[in-house]
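For reference, the structure discussed in these notes is given below.
The values are calculated or read from the model by the stated rules, or taken from the named source; none is laboratory data. Source: prediction; values computed, not measured. Neighbour counts run over all protein chains shown; Cβ positions are idealised from the backbone, glycine included. Only protein heavy atoms, including side chains, enter the accessible area calculation; ligands, DNA and RNA are left aside. Shrake-Rupley method; radii C 1.70, N 1.55, O 1.52, S 1.80 Å.
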Amino acid sequence: MSFTLADLPYAHDALQPYMSKETLEYHHDKHHLAYVNNGNNLVKGTEWEGKSLEDVVKGSFGKNAGLFNNAGQHYNHMHFWNWMKPNGGGAIPGKLEAKIITDLGSVEKMKEDFIQAGITQFGSGWAWIALKNGKLEIMKSANGESPLVMGATPILGCDVWEHSYYIDYRNRRPDYLKAFIDHLVNWEYVDQLFEKAAV
Ligand code: MN3
């Protein structure tokens, strides 16, 4: 199965003022496309050709850096577009909210720790909420890595590479993370991944 770039689930200007049309034109149409094209080229002739994306990501980790980086970023970005929506960041579905309170302290604490993970990820990478051994955890990862290669299932992630925020926020990564968690997160999509991972 080859990798393909899906259209954004909303218009390029739909996340303004928190994420601009220009950012999405570069980030989705150029950066993500490059991961897809590179991934398709690099998977050819390897033992992972024809495998599912998750199997390629987990299998190539630590074994084939070029393929892993591109397949990993394809996986991360595919979800990233869906982790956001216009007028996002509202109420969290009840069962997920209860799990957040149990495992992560409170909704406010979860937001603080998620933002902190993104701020303290030195250089490029991601901040995450993931389910590991039945518990939610805040995580961070470098480059194209994700909770998938840490024995966990990601349910929310935020890209902290500069290409994700520099046009709109310049060097203010904390402001970008705060806008993401308060105004962009699509909690219904997070909840779908949580329900699937919790089975
Ligand atoms: Mn990116």
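Quick notes
- For LYS196, a cut-off of 19 angstrom between C-alpha atoms picks up these aspartates and glutamates, skipping any fewer than 8 places away in its own chain: GLU54, ASP55, GLU97, ASP103, GLU137, GLU188.
- Relative contact order of segment 21-82: 37 percent, from C-alpha pairs under 8 Å at least 6 residues apart in sequence.
- Secondary-structure-derived ellipticity at 222 nm for the chain, considering helices only, amounts to -13500 deg cm²/dmol, per-run term -39500 (n - 2.57) for DSSP H runs with n ≥ 4.
- Considering only GLN73, GLN116, GLN16, the mean-square fluctuation computed in a Gaussian network model of the chain, springs between alpha carbons under 10 angstrom, is largest for GLN16.
- Placing unit charges on the Cβ atoms only, positive for Lys and Arg and negative for Asp and Glu, gives segment 21-82 a dipole magnitude near 120 debye about its Cα centre.
- For the chain: relative contact order, % (alpha-carbon pairs under 8 angstrom, 6 or more apart): 25 percent
- GluC sites (Glu not before Pro) lying in DSSP loop within segment 12-49, provided at most 15 other Cβ fall within 10 Å: GLU47, GLU49
- Cα centroid separation, segment 67-105 to segment 27-53 (Å): 22 Å
- Carbon + sulfur, % of accessible area of the chain - ligands and nucleic acids excluded, 1.4 Å: 50 percent
- The chain, accessible area per residue, ligands and nucleic acids excluded (1.4 Å, Å²): 46 Å²
- Under 17 Å between alpha carbons - lysine pairs in segment 1-109 that sit 8 or more apart or on different chains: 6
- Computed FRET value (nearest 0.05) for MET150 with LEU5, which takes r as the C-beta separation and R₀ as 35 Å: 0.85
- With contacts taken as Cα pairs under 8 Å at a separation of at least 6 residues, segment 96-199 carries a relative contact order of 25 percent.
- GLU108 sits with roughly 110 Å² accessible to a 1.4 Å probe, with DNA, RNA and ligands left out of the calculation.
- Each other residue within a Cβ distance under 13 Å of TYR165 adds +1 if Lys or Arg and -1 if Asp or Glu, for a net charge of -1.
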